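A.B. asks: Input: one structure, supplied below.
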Amino acid sequence: MDDEIVIDCDAFRIYRSGKMDRLHRPARVPAGLDPATGVTSRDVVLDTSTGLSVRLFLPSLVSRMYHGYVASLAAAAGVLAVSVEYRLAPEHPVPAAYDDAWAALQWAASAQDEWLAEHGDTARFFLAGDSAGGNMVHNILINLARFPHPVAPRIEGAILLHPWFGGSVPVDGEDATKAKEMAMIWEFACPAAAGGADDPRMNPMAPGAPGLESLRCERVLVCAGGKDWAAPRDRAYYDAVAASTWHGSAAWFESEGEGHVFFLEKPECTKARELMDRIVSFVDGS
């Protein structure tokens, strides 16, 4: 029974024993100069005890600081990108990934690194993440509300790309079978989750979750794919943020006909380019 497969999808396979097979591990490209984009990258180890590291991407022309995933934006938007290599579950159960993301943000905000000190603007942080990373962006924004400025860095904008949220009760348009599968994955990643899929880290609208008015940033862009299993949850999240008493501005962008994080597999397709254009305009303030 321990070898019984309980979840089998394109990206991974989970067994009843708790073992996971990762089916698509992208090859890690060495850091250095990319002649095609003019972006130079280098790796920095932040914590030798956990293995936490980041990769910095510095384009030839830098006008502002950008923190998070979407490293290709370094070239598209002329920003300094910090991509976090956080610990993965189930090898490292939640909250390891959240702790790593928080530690990386604090490190970036300190601007002790020479690239950050010379090219960054700690008054204009942007956070971004896709899928689980989008979930982590939300949770960082909530966590920031616990700390006064200047302990908590000012976040100008947050980009949630196809964020992974869940809950025990399907929302309008959500496939019940898929919702149950996602709840199982969450509980697999976080065995100690309070309320299972209604843990506030997974379900921002669950009873007892911190109010969305606590989001600590000026602007939010929520992106989804028209055929993405996560789209109904993402739309519900956007609607809840827009309807809350949060002081900032929220925007929605949907890639018609596309699935979950399609831009990772098809970065050069028309819809991926449209998404990139929208993200760049968001960073630029439009």
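The values are calculated or read from the model by the stated rules, or taken from the named source; none is laboratory data. Fair warning: this is a prediction, and the values are worked out from it, not measured in the lab. With ideal geometry, Cβ positions are generated from the backbone for all residues, glycine too; neighbour counts draw on all protein chains shown.
A.B. asks: So TRP246 clears everything in (1) closer than 27 Å to PRO153 by Cβ; (2) aromatic (Phe, Trp, Tyr); (3) modelled with pLDDT under 95 except one condition, right? Which one?
C.D. replies: If we test TRP246 against (1) closer than 27 Å to PRO153 by Cβ; (2) aromatic (Phe, Trp, Tyr); (3) modelled with pLDDT under 95, just (3) comes out false.
A.B. asks: Let me ask something else about it. Can you list residue pairs whose Cβ atoms sit under 9 Å apart, with the first residue in segment 23-39 being within 30 Å of ILE7 (Cα to Cα) and the second being outside any loop (DSSP other than H, G, I, E, B)? Count only pairs 6 or more apart in sequence or on different chains.
C.D. replies: LEU23/PHE12; LEU23/ARG13; HIS24/PHE12; PRO26/LEU264; VAL29/SER41
A.B. asks: Separate question: Take the residues in segment 183-202 that are in a helix (DSSP H, G or I) and touching a helix residue (DSSP H, G or I) at 6+ places or on another chain (Cβ under 7 Å), then tell me which one is surrounded by the most Cβ atoms within 10 Å (Cβ to Cβ).
C.D. replies: Quick first cut of segment 183-202, residues in a helix (DSSP H, G or I) only: 183-189, 196-198.
Filter again for touching a helix residue (DSSP H, G or I) at 6+ places or on another chain (Cβ under 7 Å), leaving 183, 186-187, 196-197.
Numbers: ALA183: 19, TRP186: 25, GLU187: 16, GLY196: 17, ALA197: 22.
Selected residue: TRP186.
A.B. asks: Need at least 2 residues that are of a type in the set (Val, Ile, Thr) and in contact with a Phe, Trp or Tyr (Cβ under 8 Å, 6 or more places away or on another chain) per element, so show me which strands (runs of 3 or more DSSP E) inside segment 70-162 make the cut, counting only ones lying wholly within it. Lay out the reasoning, then the answer.
C.D. replies: Working: elements: 79-85, 125-130, 155-161.
Qualifying strands (runs of 3 or more DSSP E): 79-85, 155-161.
A.B. asks: Additional query: Regarding GLU114, is this residue charged (D, E, K, R) and either assigned by TED's automatic domain parsing to the domain that holds LYS19 or at pLDDT 95 or above (or both)? Break it down into steps so the answer makes sense when it comes.
C.D. replies: Details: charged (D, E, K, R): yes; either assigned by TED's automatic domain parsing to the domain that holds LYS19 or at pLDDT 95 or above (or both): yes.
Yes, satisfied.
A.B. asks: A further question follows. Quick one: in segment 10-22, which of the residues that are under 21 Å from the mean Cα position of the chain (by Cα) and surrounded by 11 or more Cβ atoms within 10 Å (Cβ to Cβ) is farthest from HIS92 (Cα to Cα)?
C.D. replies: Only one residue tops the list, namely ALA11.
A.B. asks: Something else now. Given (1) crowded, with 20+ Cβ neighbours inside 10 Å; (2) over 15 Å from the mean Cα position of the chain (by Cα); (3) assigned to a loop (DSSP other than H, G, I, E, B), where does MET205 come up short, assuming only one miss?
C.D. replies: (1)
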